[in-house]
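See below for the structure under consideration.
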Amino acid sequence: MRFSITASIALQSTALAALASADLATPPVVSPNLHARDSCANGSGQCVSFYSQSGCQGVISSYKPDCSGACFRYNSFQSLHTVGNILKGVGCVAYSDENCNNVAKDIPSHHQGRCDNVGTAKSMKCYYGC
């Protein structure tokens, strides 16, 4: 597409006029909760949810795993729903005891959401992006 010099000057003038009429002192609109994107509740980012029944039924709670390897304890859960993000995966090891000693199920790191039955587990270690 070719423009004449006159058409080019007219386009530049129109663009400058539009910029001049814009209120440059007004800051852009920003979400009131910048941390919402990191929440398990909104489905973005890494998340581990644990359930009282197999098949990821009967939600108990959820949390965001990291690389600390901390032993997360709960009196009893039957299944885990784990999800990473586009860049990093989440993996978990569920344990049948309360101290993360007796492996019940090893769930390899993955990016997309996945439900795994773990038998009757009482603790877990989950890792994100390690």
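Taking a quarter of the surface of the Cα convex hull of region 44-128 gives a mean projected area of 4.6 nm². Given +1 at the Cβ of Lys and Arg, -1 at the Cβ of Asp and Glu and no other charges, the dipole of region 51-110 around its Cα centre is 160 debye to the nearest 20. Derived scalar couplings between HN and Hα for region 89-103 equal x, 10, x, 9, 10, 9, 10, 7, 10, 8, 10, 6, 10, 9, 5 Hz in order, rounded to whole Hz, by the Karplus curve 6.51 cos²θ - 1.76 cosθ + 1.60 (θ = phi - 60°), x for Gly and Pro.
Here 72, 50, 77 are placed in order of increasing Cβ neighbour count within 10 Å, fewest first, which gives 72, 77, 50.
None of the figures in this text is laboratory data; all of them are computed from the coordinates on show. Just so it is clear, the model here is predicted, and its values are computed rather than measured. Positions of Cβ are backbone-derived with ideal geometry, glycine not excepted, and every protein chain shown enters the neighbour counts.
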